[in-house]
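Read the figures in this text as sums done on the coordinates, not as results from a lab. Only a predicted model underlies this, so the values are computations on that prediction, with no experimental measurement involved. All Cβ positions, glycine included, derive from the backbone under ideal geometry; neighbour counts span all protein chains shown.
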């Protein structure tokens, strides 16, 4: 197993202390990207008003308390950096270098910890959790990852990892306790294996359950297997298939995106070659329905409001260079999209 040099902590203590001195914003925060060929991260109120520039970058993620924005920034010599900025505006400070696969970044529910992937451009990566207050990085696991998420109380993290880079991933789902800063365990904790089929990925931890993907019908389909959603308890028990999806050739199917706070509503994304669009799924019956547009120019879903009433996303398909995108919300129950920001994409919020 290759090892990686320990990255230098690039967040000076005094700078971090100043950042953390900012109070949490009173209202919900919206982050998004403008200018696809010179991508820049902005923040605003959750209705799109009072826009404030952050920095050059991609894939912003708003912290649950709305006070911070984590994002991907390309540093000197094209080094991929994970940066953290206050939602009041202004460029952020580097938390980690060699940041990879920014679409998997996750905040803990209490906004104190960030989970992300670190490693070389090719090869195995480290799943690390970063204590925002100190900048300390702790390696959870090493391998080829396909998703991770925090438990609702933030004390554990579920992740899918494989030993090889094969596609579809030969991965399984594990859970592991999140390290507590300053606490040294007498005995190092061991990961708990939740699946053993080598075809489970993309776990999303919700209230009292985890939804995840299983890759099925690999031998029946000419261009690879399809995704179906399954549910299990946090202990890996009571595994139940949730969806039965028609997936055309060259497409993969559903992947989980977000839970409502009470676990009664589930947002997913239907993806594949040149395709990504939001689909809502009933967590009890598996019934599914596209949120808005479908196909190559469909509505891409990025977040679900905590009450489950609104889906946040952007119209016009996943490639922002092809169309004049708009950040929009759509009622979960169905209805007309509402535009929050024109000429923008990749939204995130804490509403």
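Summary table below
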| quantity | calculated |
| --- | --- |
| Segments 166-179, 36-49 sorted - mean Cβ within 10 Å per residue, highest first | 166-179, 36-49 |
| Principal semi-axes in Å for the stretch 144-188 [√(5λ), Cα gyration tensor, largest first] | 26, 13, 7 |
| Whether the stretch 246-351 is rounded, prolate or oblate, judged on the alpha carbon gyration tensor where a/c under 1.5 counts as rounded | oblate |
| Kirkwood-based Rg to Rh ratio, the stretch 110-269, C-alpha trace | 0.98 |
| Residue-averaged [θ]222 nm for the chain, counting only DSSP H segments that reach four residues, each worth -39500 (n - 2.57) | -500 deg cm²/dmol |
| Per principal axis, descending, Cα span of the stretch 84-197 in whole Å | 45, 35, 23 |
| Relative contact order (percent, whole number), the chain, Cα cutoff 8 Å, 6+ residue spacing | 11 percent |
